[in-house]
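Q: Here it is, the structure in full.
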Amino acid sequence: MLQPILAGFVAAISGFASSFALVIAALVAVGATEAQAESGLLALCLAIAVVSTVGALWLRIPLAIAWSTPGAAVLLAAAGSGITFSDAVGAFIVSGVLIALCGLWPALGRAITSIPKPLASAMLAGVLFPICTAPFLAIADPDLALYALPILVVWLVLFRLAPRWAVPAAMVVAVISIVVYAGTDWLTAADIAPQLAVVAPTFNPAIILSLGLPLFIVTMAGQNVPGFTVLSANGYPPPPRFALVGTGLGSAAGAVFGAHSINLGAITAAIMSGEESHPDRAKRWVATLTNGLLYIPLGLASGVAVALVSAAPSILITAVAGLAVIGALISSMVNALEDAKHRVAAIVTFLVVASGIAIYNIGSAFWGLLIGGVVMAWLGWTRRSRTDAASDAD
């Protein structure tokens, strides 16, 4: 049984190392203090551990659970918009409840996943785009170029030779760069015994629309749907009710302590549900159990992780986050522009979201979907009108 245990170990380490900096930066971007970001990261890890282990022991399938990396990007894109963390937590709770409702009420799940792929993909691409420019902005900064360039070079080399380890290795180099930049003083600020801190939520309708709704949509479309696809591709019938109710309730519970969202994993699912996990499909669930249990000690390292991220220039952390989500940006752009009929609507959605505009205190992700939907409906109607006119002429 060593093989699935190793697969679970690799999935946990690579999943955590690839994006913990993005999660911390995202929570801080929507108003979290260092202590609240520490609590949020710990809560995410504990929620992953609980849902993963229960799912593995109950279902006996490699149901990978992870935090929402695209969701963290949605939060990071909201930086500077004056969101209070209590409002953000209220939006997190609403998002988690909606995910759980998708499991209890399949019609809702179908409605969300039926949002036109060009629009949903373009919205995610617009959220990710500013983050993905950060590595190059960091290199262009004379004060940070020597720290940022090695991160990018290591990522690029390993992306060619060992893609799975490209981002974790870049994060290791980033840690070294941060230590060189900031020295070791940040270690004295690290909380060796992190604690969960309750955040009283407030439910601001504008923040729910601009943050909670996009978080819900990208988590469903960008994580849960691909996660189900990976399971199916490896011969496992997806369990939508358990997965959506479990991750939805786990997200809502974790939100009380500052966590944003958990969901099905896609990349980690590929590691744990494929043949490299174990030749016998019936034994691959051990990888998920191992992965879940490892998130407990990883969560206990959240104090050190937050201290490390806090010691670094924000653009350097965002640069690592940008490298972590370049693959998601590529996939989103390909999906957004795949259908020639909807490319204009997709590009409009992308541009509105990437612009970062806020109208009536509602962020650009909501407006991008709304305006893109109007453009898609208008162009589709005019196209049908021309077709009908041509048919009448014949």
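The values are calculated or read from the model by the stated rules, or taken from the named source; none is laboratory data. Since the structure is predicted, the reported quantities are computational estimates derived from the model, not experimental observations. Using ideal geometry, Cβ is built from the backbone for each residue, glycine included, and neighbour counts are taken over all protein chains shown. Each accessible area value is taken on the protein alone, full model and side chains, heavy atoms only, with ligands, DNA and RNA left out. Shrake-Rupley method; radii C 1.70, N 1.55, O 1.52, S 1.80 Å.
Q: Return the carbon/sulfur percentage of the accessible area of the chain, one whole number, probe 1.4 Å, all protein chains in place. Walk me through the numbers on the way to the answer.
A: On the way: 11520 of 16400 Å².
C and S atoms contribute 70 percent here.
Q: Could I ask something else about it? Per DSSP helix of 4 or more residues, -39500 (n - 2.57); summed, then divided by the residues of the chain. What does that give at 222 nm, rounded to the nearest 500? List each step's numbers first, then the result.
A: Working: 20 runs with 284 residues, N = 394.
It lands at -23500 deg cm²/dmol.
Q: With every protein chain kept in place and ligands, DNA and RNA left out, what is the accessible area per residue of the chain? Probe 1.4 Å, answer in Å².
A: Numbers: 16400 Å² over 394 residues.
In whole numbers, the chain has 42 Å² accessible per residue.
Q: Please sort through the DSSP H helices of the chain and keep those with an alpha-carbon extent of at least 30 Å along the long axis and a Kyte-Doolittle average not below -0.5. Could you put the intermediate results ahead of the total?
A: Details: long enough: 2-29 (40 Å, 1.99); 34-59 (37 Å, 1.49); 364-393 (43 Å, 0.31).
Membrane-span-like by this rule: 2-29, 34-59, 364-393.
Q: Give the peptides 218-230, 354-366 in descending order of average Cβ contacts within 10 Å, highest first. Mind showing how you got there, number by number?
A: Details: 218-230: 23.8, 354-366: 18.0.
Those peptides, ordered most packed to least, come out 218-230, 354-366.
Q: Which length gain, in nm to one decimal place, applies between THR84 and VAL153 when the Cα-Cα distance is subtracted from 0.36 nm times their residue separation?
A: Full-extension gain reported as 21.2 nm.
Q: At 0.36 nm per residue, minus the direct Cα-Cα distance, what do ILE357 and THR188 gain on full extension? Give it in nm, one decimal, please.
A: Numbers: separation 169, 0.36 × 169 = 60.84 nm, distance 3.93 nm.
Value of the extension gain: 56.9 nm.
Q: Here's a follow-up. Starting with the highest mean, order 116-129, 196-209, 236-249 by the number of other Cβ atoms within 10 Å, averaged over the residues of each peptide.
A: Numbers: 116-129: 26.6, 196-209: 17.1, 236-249: 20.4.
Descending packing order for the listed peptides: 116-129, 236-249, 196-209.
Q: Pop out the ³J(HN,Hα) list for region 214-220 in order, Karplus 6.51 cos²θ - 1.76 cosθ + 1.60 with θ = phi - 60°, rounded to Hz; leave Gly and Pro as x.
A: Result, ordered by residue: x, 4, 4, 5, 5, 5, 5 Hz.
Q: Please work out whether region 1-118 counts as rounded, prolate or oblate from its C-alpha gyration tensor, where a ≥ b ≥ c are the square roots of the eigenvalues and a/c under 1.5 means rounded, while otherwise a/b larger than b/c means prolate and anything else oblate?
A: Details: a/c = 1.96, a/b = 1.21, b/c = 1.62.
Oblate is the answer for region 1-118, as a/c is 1.5 or above yet b/c matches or exceeds a/b.
Q: Residue separation times 0.36 nm, minus the C-alpha to C-alpha distance between LEU57 and LEU2: what's the value? Could the numbers behind the result be given before it?
A: On the way: separation 55, 0.36 × 55 = 19.80 nm, distance 1.75 nm.
The LEU57-LEU2 span can extend by a further 18.0 nm.
Q: Highest mean first, what order results for 11-22, 54-65 on Cβ atoms within 10 Å?
A: On the way: 11-22: 24.3, 54-65: 22.8.
With the highest mean Cβ count within 10 Å placed first, the list reads 11-22, 54-65.
Q: Please give the net charge around LEU119, taking every other residue with its beta carbon less than 15 angstrom from that of LEU119, where Lys and Arg add +1 and Asp and Glu add -1. Don't skip to the end; give the middle numbers.
A: Details: positive: LYS117, LYS341, ARG343; negative: GLU338, ASP339.
Net charge around LEU119: +1.
Q: 5 Å is the cut-off here: which amide hydrogens, built 1.01 Å from N in the peptide plane, fall below it relative to ILE65, excluding neighbours closer than 5 in sequence?
A: GLY265
Q: If you take the beta carbon distance between LEU104 and ILE13 as r and set R0 to 35 Å, what does 1/(1 + (r/R0)^6) give as a FRET efficiency, to the nearest 0.05? Could you put the intermediate results ahead of the total?
A: Working: r = 34 Å, r/R0 = 0.96.
Here the calculated transfer efficiency is 0.55.
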